[in-house]
Amino acid sequence: MAVSTPRSAAAAAFLERRESERALHFVKYQGLGNDFIMVDNRDSAVPKVTPEEAAKLCDRNFGVGADGVIFVMPGVNGADYTMRIFNSDGSEPEMCGNGVRCFAQFIAELENLQGTHSFKIHTGAGLIIPEIQNDGKVKVDMGQPILSGPDIPTKLPSTKNEAVVQADLAVDGSTWQVTCVSMGNPHCVTFGTKELKVLHVDDLKLSDIGPKFEHHEMFPARTNTEFVEVLSRSHLKMRVWERGAGATLACGTGACAVVVAAVLEGRAERKCVVDLPGGPLEIEWREDDNHIYMTGPAEAVFYGSAVH
């Protein structure tokens, strides 16, 4: 369900409540099913919960349930805000594409903004600029992809200039062909194995194969992994195993990495629709500025308070 604007009196009252020592007020957001506990942390550069507490909050049986906890914090270095996120396992990624769309909508709600707005957001992956559009979707300038192997980081040798494109990676008895991309966080993208040229992503058992990619010795900081099926040169389908969160319904940085990999491998054009289990994202890798632009939805689900 979409958040109505201007925000309701009930929502405004909730957001303005003072927190008790043990109660954390939050708003649950989702972007294509990738869901987050959003916390108003504008009064401090220190997150209101620890990574261990975040992991408990994200537990879908004993907590609120989410893929991560995101904090809206004061901006630094000229940015309007700072975004930090703790994954469902308590680890801290550099950035999250679906999360930054939710972040932008949450700011609009906190500040009671209407219409189109853009923000400069400081993240662990650098400056990210999301723009809320008239149709309610959020378009995000995700910056330039990083293709140099050591900067991703991966220990796989470069195969195309400094990039790791269609490199061989031995996983679970098969030789997978992978292309590595960083969107400020590491991604390993595969369109199949040497033996199986066409990948049918719905047939994959992600819970079995995903962790073997994530913790592979070739990825010293672990990695997110995207398994991709090419439907056409402008239409891709993917499933993702996220570092620190496991199988999720969507991954924005992953969708960006997939389009970059598809272009580098000659499989797709620079502007694609990427289907994820939670729905489609529009991704464009512009040739003029080398930036990647991601467009998709972000919606509030409910308001709550949690004891922590």
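The values are calculated or read from the model by the stated rules, or taken from the named source; none is laboratory data. If you're wondering where the values come from, they're calculated on a predicted model, not measured in any experiment. For neighbour counting, all protein chains shown are included, and Cβ atoms are generated from backbone atoms with ideal geometry for every residue, glycine included. Accessible surface areas use protein heavy atoms only, side chains included; no ligands, DNA or RNA. Shrake-Rupley method; radii C 1.70, N 1.55, O 1.52, S 1.80 Å.
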Note: among Arg84, Arg101, just one is at pLDDT 95 or above, farther than 14 Å from His308 by Cβ and surrounded by fewer than 24 Cβ atoms within 10 Å (Cβ to Cβ), namely Arg84
Going through the range 35-76 in order, the residues found to be among the acidic types (Asp, Glu), in a loop (DSSP other than H, G, I, E, B) and surrounded by fewer than 23 Cβ atoms within 10 Å (Cβ to Cβ) are Asp43, Asp59
Every listed condition ((1) under 22 Å from Gly124 (Cα atoms); (2) open to solvent by 10 Å² or more (accessible area, probe 1.4 Å); (3) modelled with pLDDT of 95 or more) holds for Gly184 save (3)
Polar (S, T, N, Q), farther than 22 Å from Lys137 by Cα, at pLDDT below 95 and part of a loop (DSSP other than H, G, I, E, B) - does that describe any residue in the range 9-28?
-> yes
Within the range 158-179, the count of residues that are free of Cβ contacts under 8 Å to residues at least 40 places away in the same chain and not acidic (Asp, Glu) comes to 12
All conditions in (1) outside any loop (DSSP other than H, G, I, E, B); (2) closer than 19 Å to Cys188 by Cβ; (3) over 14 Å from the mean Cα position of the chain (by Cα) are true of Ala306 except (2)
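Going by what's in this entry, would Val263 be described as modelled with pLDDT of 95 or more, open to solvent by less than 40 Å² (accessible area, probe 1.4 Å), in a helix (DSSP H, G or I) and at negative phi?
Numbers: modelled with pLDDT of 95 or more: yes; open to solvent by less than 40 Å² (accessible area, probe 1.4 Å): yes; in a helix (DSSP H, G or I): yes; at negative phi: yes.
Answer is yes for this residue.
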Practice prompt. Determine whether the range 214-229 contains at least one residue that is among the aliphatic types (A, V, I, L, M), open to solvent by 20 Å² or more (accessible area, probe 1.4 Å) and without any contact (Cβ under 8 Å) to a residue 40 or more places away in the chain.
Written response: no
